[in-house]
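Report on the structure given below.
The values are calculated or read from the model by the stated rules, or taken from the named source; none is laboratory data. Remember, it's a predicted structure, so these values are computed and weren't measured experimentally. All Cβ positions, even for glycine, are placed from backbone atoms using ideal geometry, and neighbour counts span all protein chains on display.
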């Protein structure tokens, strides 16, 4: 019982921390999203490399050995999945940072509410995973919520779909890579993301951006360590003692806290169309996760 409580507390802590990431991003709202993205990737990668070589060297070696021992026909597929995971993660981070700082916290929260349902739909299309009737209805309701939100602003829907679809694709690829250590894989993904962003440094970070100051560097360290690496560790630990479904339900804490942050801290307003769209997505989330008795 104590172990279960420990795993539950780890998962709960991870999603509570992720729920407040908009606050840290808003502190840097006067900086270009590309600059925040570049340094988040760079600092997170440095932290993970230090962890990999100093603390988790055995896991790193085991993962590299697994990749080396793959059949020649299978190795290109796994390497391609790692590369595309890094690309989709980079797209997700950049679009989320831009949306939080330049559009609204609500849209960022909405994106992560529809993400699990979009993932289920992609799982049906790509992995041929079966969908129950309740899941099909939930997907339909979430589609209606996007259409309602789009009637107010298709641009907002576009940002939400970029965030949700990039992360949904990332999650789909992780199902193929589930036998590899998550922290080691994240290190590989960030290496890919860094390889993409490093040549674009002069584009992402303009010469006028005052990046060499305590405020910027300090907040990037907080975002990288507290809001990226720590919750990932907690989430990975939780998965060792909890079912993925239970952790998945807890993941809805993230966007719900985002909404609270938007309304209570930043006093963002919602039109009646937005409220209607949120109502539909909340209903679809409840329906999607509802466990009907088989008796």
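Quick notes on this one:
- Number of the exception - residue 83 against (1) modelled with pLDDT under 95; (2) more than 29 Å from residue 250 (Cβ to Cβ): (1)
- Restricting 218, 248, 225 to residues that are surrounded by fewer than 20 Cβ atoms within 10 Å (Cβ to Cβ), under 17 Å from the mean Cα position of the chain (by Cα) and more than 22 Å from residue 113 (Cα to Cα) narrows the list to 225.
- Top-ranked residue in the stretch 127-139 [being in contact (Cβ under 8 Å) with a residue 40 or more places away in the chain and either assigned to a helix (DSSP H, G or I) or at positive phi (or both); ranked as surrounded by the most Cβ atoms within 10 Å (Cβ to Cβ)]: 138
- Of the residues making up the stretch 257-275, those that are buried (at least 17 other Cβ atoms within 10 Å of the Cβ), at pLDDT 90 or above and within 22 Å of residue 152 (Cβ to Cβ) are 258, 259, 261, 262.
- Verdict on residue 111 being under 30 Å from residue 145 (Cα atoms), at pLDDT below 95 and either under 15 Å from the mean Cα position of the chain (by Cα) or surrounded by 21 or more Cβ atoms within 10 Å (Cβ to Cβ) (or both): yes
- Residues of the stretch 264-277 that turn out to be in contact (Cβ under 8 Å) with a residue 40 or more places away in the chain and outside any loop (DSSP other than H, G, I, E, B), as a count: 5
- Residue identified as in a helix (DSSP H, G or I) and without any contact (Cβ under 8 Å) to a residue 60 or more places away in the chain among 184, 119: 119
- Test: residue in the stretch 245-258 that is farther than 14 Å from residue 14 by Cα and either assigned to a loop (DSSP other than H, G, I, E, B) or free of Cβ contacts under 8 Å to residues at least 60 places away in the same chain (or both): yes
- Sole residue being in contact with a helix residue (DSSP H, G or I) (Cβ under 6 Å, 6 or more places away or on another chain) and farther than 24 Å from residue 160 by Cα, chosen from 216, 188: 188
- Exactly one residue out of 83, 67, 89, 60 is under 30 Å from residue 152 (Cα atoms), in contact with a helix residue (DSSP H, G or I) (Cβ under 9 Å, 6 or more places away or on another chain) and assigned to a helix (DSSP H, G or I): that is 89.
- Residues that are crowded, with 17+ Cβ neighbours inside 10 Å and within 16 Å of residue 70 (Cβ to Cβ) within the stretch 178-193 comprise 180, 181, 184, 185, 188, listed in sequence order.
- Here residue 190 meets each of (1) closer than 21 Å to residue 80 by Cα; (2) over 14 Å from the mean Cα position of the chain (by Cα); (3) in a helix (DSSP H, G or I); (4) touching a residue at least 40 places away in the same chain (Cβ under 8 Å) with one exception, condition (2).
- Selection count where residues are without any contact (Cβ under 8 Å) to a residue 24 or more places away in the chain and more than 25 Å from the chain's Cα centre (by Cα), scope the stretch 193-214: 7
- Meets criteria (surrounded by 14 or more Cβ atoms within 10 Å (Cβ to Cβ), over 20 Å from the mean Cα position of the chain (by Cα), assigned to a helix (DSSP H, G or I) and at pLDDT below 95) for residue 10: no
- Scanning the stretch 18-40 for residues that are surrounded by fewer than 21 Cβ atoms within 10 Å (Cβ to Cβ) and part of a helix (DSSP H, G or I) yields 23, 24, 26, 34, 35.
- Subset of the stretch 41-57 that is more than 23 Å from the chain's Cα centre (by Cα) and part of a helix (DSSP H, G or I) - its residue that is nearest to residue 199 (Cα to Cα): 53
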